[in-house]
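This report refers to the structure that appears directly beneath it.
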Amino acid sequence: MDYQFLKVEQPQEGVTLLKISAPKSLNALNSTILKELDAFIDNIGSGTRVLIITGDGEKSFVAGADISEMANLNEQEGYAFGRLGDKVFRKIETLPIPVIAAVNGFALGGGCELAMACDIRICSDNAKFGQPEVGLGITPGFSGTVRLPRLVGQGMAKEMIYTGRVIRADEALRIGLVNAVYPREELLEKALEMAAKMVANAPLAICACKESINRGCDLTMDEAIELENKLFAGCFATADQKEGMAAFLGKRKAAFTGK
Ligand code: DAK
């Protein structure tokens with residue numbers, strides 16, 4: 001499929017690299033980009049075992065929702081714009097494969113929210129994160145008030161959201177918003193290294209882990225443990241479980257098929 005604002009690459013076996021590319025606005029998300037993202041996610045094939053999302057260029061991951069498009073929205077249109085972003089980000093969050101955000105610069109507003117919808121965030125040393133929406137007279141719109149407190153705790157999320165303060169990569173690492181910080185030129189290589197480790201493992205088991213963590217975090221402890229147990233049991237109906245354990249006992253490398 002051809003996209004106006006997305007660049008799609010297959011840099012290595014099982015890995016798709018998606019670049020958001022709107023250079024004139026530092027990759028700010030307009031409704032066309034959100035629709036393209038939606039179509040892209042709907043059309044991801046089974047050959048993609050890990051998705052990496054990054055921003056095109058060297059300066060910005062995504063500098064937010066597109067302010068020039070939002071400036072003249074009325075309440076109804078604002079609701080529709082928010083719904084579109086929420087739908088797409090939730091699809092990313094619940095994709096049955098790992099999604100890594102390789103944050104290569106500004107991740108503000110909708111950019112921070114896109115990164116937070118991914119499973120894992122790593123960033124370059126020039127990355128900057130923030131939720132500056134209240135300075136524009138709006139709330140974070142693509143679930144920033146929902147995901148940020150879950151990731152960094154309410155106190156830090158409230159400080160970031162109420163002040164609109166932009167934080168650097170080292171602070172993002174300290175508060176747990178990102179897993180690791182790398183020199184800018186090494187970021188994609190590090191993301192690909194991480195992805196390769198995931199691709200070597202059993203896809204259905206990873207998918208079950210993702211479901212257990214995503215859903216389990218919103219359940220009571222007992223419910224979460226029960227959910228994990230069901231997902232664990234389900235693995236014993238897969239060929240990958242047989243292969244993984246046979247490979248261990250046979251002292252060889254497992255060849256998983258995702259079945
Ligand atoms: N939207 C549109 N254009 C943007 C943009 C954005 N978010 N960010 C940057 N640009 C454009 C700039 O206007 C400029 O365009 P030209 O003047 O060249 O035409 C170009 O990108 C380069 O930007 P700068 O010249 O400003 O570059 P600097 O390096 O000086 O500064 C910056 C980079 C990222 C610090 C600065 O551009 C900046 O502050 N940008 C805005 C960042 C921001 O506030 N982001 C949050 C956007 S609000 C909701 C739904 C969604 C949302 C909220 C509610 N509901 C439905 C409830 C989401 C909100 C947001 O994400």
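The values are calculated or read from the model by the stated rules, or taken from the named source; none is laboratory data. No experiment lies behind these values; they were computed from the predicted model shown. All Cβ positions, even for glycine, are placed from backbone atoms using ideal geometry, and neighbour counts span all protein chains on display.
It is to be established whether one or more residues within the range 130-145 are within 15 Å of the chain's Cα centre (by Cα), within 13 Å of the ligand (Cβ to nearest atom), under 24 Å from Arg83 (Cβ atoms) and part of a loop (DSSP other than H, G, I, E, B). Working first, answer last.
Of the range 130-145, the ones within 15 Å of the chain's Cα centre (by Cα) are 142-144.
From the residues that got through so far, the ones that are within 13 Å of the ligand (Cβ to nearest atom) too are 142-144.
Filter again for under 24 Å from Arg83 (Cβ atoms), leaving 142-144.
Narrowing further to those that are part of a loop (DSSP other than H, G, I, E, B): 142-143.
Taking every residue of the range 130-145 in turn, at least one turns out to be within 15 Å of the chain's Cα centre (by Cα), within 13 Å of the ligand (Cβ to nearest atom), under 24 Å from Arg83 (Cβ atoms) and part of a loop (DSSP other than H, G, I, E, B).
Regarding Gly85, is this residue of a type outside the set (Phe, Trp, Tyr), within 28 Å of Ser212 (Cα to Cα) and either near the ligand (Cβ under 10 Å from one of its atoms) or part of a loop (DSSP other than H, G, I, E, B) (or both)? Explain how you work it out, then say what you get.
Details: of a type outside the set (Phe, Trp, Tyr): yes; within 28 Å of Ser212 (Cα to Cα): yes; either near the ligand (Cβ under 10 Å from one of its atoms) or part of a loop (DSSP other than H, G, I, E, B) (or both): yes.
Here the answer is yes, as Gly85 does meet what is asked.
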Legend entry - Pairs with Cβ under 9 Å, 6+ apart, first in the range 77-89 and under 12 Å from Ala65 (Cα atoms), second near the ligand (Cβ under 8 Å from one of its atoms) and assigned to a helix (DSSP H, G or I): Gly78/Met70; Phe81/Glu69; Phe81/Met70; Gly85/Gly110; Gly85/Glu113
Inset, instruction - For the range 52-63, state whether one or more residues are assigned to a strand (DSSP E or B), among the hydroxyl-bearing types (Ser, Thr, Tyr), modelled with pLDDT of 95 or more and under 14 Å from the mean Cα position of the chain (by Cα). - result: yes
Inset, instruction - Restrict the check to the range 223-236 and report whether at least one residue is within 28 Å of Gly130 (Cα to Cα) and surrounded by 18 or more Cβ atoms within 10 Å (Cβ to Cβ). - result: no
Inset, instruction - Determine the pairs where a residue that is on the phi > 0 side of the Ramachandran plot and near the ligand (Cβ under 7 Å from one of its atoms), located within the range 53-71, has a partner that is part of a loop (DSSP other than H, G, I, E, B) and at pLDDT 95 or above with Cβ atoms under 9 Å apart, the partner being 6 or more residues away or on another chain. - result: Gly64/Leu26; Gly64/Ala28; Gly64/Gly109; Gly64/Pro132
Inset, instruction - Please find, within the range 1-51, the residue that is nearest to the ligand (Cβ to nearest atom) out of those that are among the hydroxyl-bearing types (Ser, Thr, Tyr) and part of a loop (DSSP other than H, G, I, E, B). - result: Ser21
Inset, instruction - Check Arg90 against each of (1) away from the ligand (no atom under 12 Å from the Cβ); (2) surrounded by 21 or more Cβ atoms within 10 Å (Cβ to Cβ); (3) more than 16 Å from Thr16 (Cα to Cα) and name the one condition it does not meet. - result: (2)
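Do we have Asn179 as surrounded by fewer than 19 Cβ atoms within 10 Å (Cβ to Cβ) and farther than 18 Å from Leu95 by Cβ here? Before the answer, list the steps.
On the way: surrounded by fewer than 19 Cβ atoms within 10 Å (Cβ to Cβ): yes; farther than 18 Å from Leu95 by Cβ: yes.
It is true that Asn179 is surrounded by fewer than 19 Cβ atoms within 10 Å (Cβ to Cβ) and farther than 18 Å from Leu95 by Cβ.
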Legend entry - Enumeration of residues in the range 93-111 that are within 15 Å of the ligand (Cβ to nearest atom) and more than 16 Å from Leu37 (Cα to Cα): Val103, Asn104, Gly105, Phe106, Ala107, Leu108, Gly109
